[in-house]
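**Student:** Following this message is one structure expressed as structure tokens.
The values are calculated or read from the model by the stated rules, or taken from the named source; none is laboratory data. Since this is a predicted model, take the numbers as computed values, not measurements. Reconstructed Cβ throughout: ideal geometry from the backbone, glycine too, with neighbour counts over all protein chains shown.
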Amino acid sequence: MRGIVCRALRLQLVAAIGIALAIPALATPAENTSRQATQTAISVETHDQAGRTRATVAVTVNGEDGLPAKGAVTISEHGNPLAGAALNARGEASIVVALPAGSHTLVAEYAGNATHLGSVSQSAVAEAQTGTTPNFAVSVSNLSPASTPANTLIPGNSGTATVTITPQNNATLTAPMFVTLSCSGLPDESACTFTPENLEILASTPTSCTAGSPAASCPPTSSMVITTQLGSQGVTQLRQHSRSNPVALAFLVPGALALGGLAWGARRRPWLNRLSLLALLGLVTMLGTTACNPRYDYLNHGPPPNPATPAGTYTITVTAQTSNGVTAITNNTTFALTVQ
């Protein structure tokens, strides 16, 4: 008996040692798993139209295994974000950027995600023509509070960005230029607001700027707030008084039988036909004020659940438009919003 107990204890000890050795071995692959490195490529093609230059920036992001990456990319110049977009299923994005006159050096930056590391492309040079027509450029900063990756929100949270309208050739204006802001491309259950929604560009340098400085050094700005919605659960429990009431059944069951008797007797007695119609009208009225009424269902069962803002990466377009009554000028920029 003593030998059997000793053998059993030895077997348990061996099993415990085996488990202790196996746990680190099983944990090692998970700990050593890392995100893949990526490569970001950029190409720029410019188009001149009506004294303005627009650059179409093509970006491609691939992992070290050659497969396309997912997430968002940002086009920047000297560290200042100009535009952004979400990558498609092929790991590509096409972004249109309005460029002021002069030479520009553009860089594409991939933010990375849970499976891929971020990366930065080589720089690409774009030349923009010099114009004389009054115009403006629009740009959007990253959302605040800062997040990793940038412009990431959790459902129920909100972020604030600064929209900047930079005047171009405003000295040739004969009247102030009023610019209206709007946004599109937002996911469901989200919204954006601007404060202020309308901005003014003057022919001269605003008084808020330092004397002698160009208007572009202190451009008008607006605060853009993007809000998302947190999902909520519907009310699953009924209120106490919404349970089956024996007293109500005591009235409803005989009433239903009485209506059946009236319908059967109406064939033999014409006056019962009118009485049955009145009873039916009373029944419909009662149903309209009780459980068959939508208000009754809302008060006793509660509101339906609210859906959350769906997760994903979205390309948001911020549009700035002005019009003098004859011609309209519309400029826009994009950025990528990630909802986790």
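**Student:** Mind listing whichever residues of the range 302-340 are at pLDDT below 70 and either surrounded by 16 or more Cβ atoms within 10 Å (Cβ to Cβ) or more than 32 Å from the chain's Cα centre (by Cα) (or both)? Break it down into steps so the answer makes sense when it comes.
**Tutor:** We begin by selecting, within the range 302-340, every residue at pLDDT below 70; these are 302, 325.
Matches in the range 302-340: GLY325 only.
**Student:** Only one of ALA98, ALA93, ALA108, ALA85 is within 14 Å of PRO149 (Cα to Cα), in contact with a strand residue (DSSP E or B) (Cβ under 8 Å, 6 or more places away or on another chain), hydrophobic (A, V, I, L, M, F, W, C) and not in a loop (DSSP other than H, G, I, E, B). Can you tell me which?
**Tutor:** Only one candidate passes the filter, namely ALA85.
**Student:** Considering only residues that are of a type in the set (A, V, I, L, M) and either touching a helix residue (DSSP H, G or I) at 6+ places or on another chain (Cβ under 7 Å) or exposed (fewer than 14 other Cβ atoms within 10 Å of the Cβ) (or both), which ones fall in the range 49-66?
**Tutor:** The answer is ALA50, and nothing else.
**Student:** Could you look through the range 124-152, keep only residues that are within 31 Å of the chain's Cα centre (by Cα) and among the hydroxyl-bearing types (Ser, Thr, Tyr), and pick out the one that is surrounded by the fewest Cβ atoms within 10 Å (Cβ to Cβ)?
**Tutor:** Ranking the qualifying residues of the range 124-152, first place goes to THR148.
**Student:** Among residues belonging to the range 165-182 that are without any contact (Cβ under 8 Å) to a residue 60 or more places away in the chain and surrounded by fewer than 20 Cβ atoms within 10 Å (Cβ to Cβ), point out the one that is nearest to ARG52 (Cα to Cα).
**Tutor:** Among those that are without any contact (Cβ under 8 Å) to a residue 60 or more places away in the chain and surrounded by fewer than 20 Cβ atoms within 10 Å (Cβ to Cβ), it is ASN169.
**Student:** If the requirement is being modelled with pLDDT of 85 or more, of a type in the set (Ser, Thr, Tyr) and under 28 Å from PRO307 (Cα atoms), which of these qualifies: THR193, THR166, THR180?
**Tutor:** Result of the check over THR193, THR166, THR180: THR193.
**Student:** Just need a number here: residues in the range 111-123 that are crowded, with 20+ Cβ neighbours inside 10 Å and either assigned to a strand (DSSP E or B) or among the aromatic types (Phe, Trp, Tyr) (or both).
**Tutor:** Number of matching residues: 2.
**Student:** State yes or no: is THR152 in the same structural domain as PRO220 (by TED's automatic domain parsing) and hydroxyl-bearing (Ser, Thr, Tyr)?
**Tutor:** For THR152, the condition - in the same structural domain as PRO220 (by TED's automatic domain parsing) and hydroxyl-bearing (Ser, Thr, Tyr) - is met.
**Student:** Of all the residues that make up the range 132-159, how many are β-branched (Val, Ile, Thr), out of contact with any Phe, Trp or Tyr (no Cβ under 8 Å at 6 or more places or on another chain) and closer than 30 Å to PRO176 by Cα?
**Tutor:** Residues in the range 132-159 being β-branched (Val, Ile, Thr), out of contact with any Phe, Trp or Tyr (no Cβ under 8 Å at 6 or more places or on another chain) and closer than 30 Å to PRO176 by Cα: 3 in total.
**Student:** Across the range 196-231, which residue is nearest to THR319 (Cα to Cα) among those that are modelled with pLDDT under 85 and of a type in the set (Ser, Thr, Tyr)?
**Tutor:** If we take residues in the range 196-231 being modelled with pLDDT under 85 and of a type in the set (Ser, Thr, Tyr), then SER217 is nearest to THR319 (Cα to Cα).
**Student:** Continuing with this model, one more query. Before we move on, is THR133 assigned to a strand (DSSP E or B) and among the hydroxyl-bearing types (Ser, Thr, Tyr)?
**Tutor:** So THR133 does not fit the description; no.
**Student:** What is the one condition in (1) at pLDDT below 70; (2) in contact with a Pro (Cβ under 6 Å, 6 or more places away or on another chain) that ARG239 does not satisfy?
**Tutor:** Of (1) at pLDDT below 70; (2) in contact with a Pro (Cβ under 6 Å, 6 or more places away or on another chain), only one is false for ARG239: (2).
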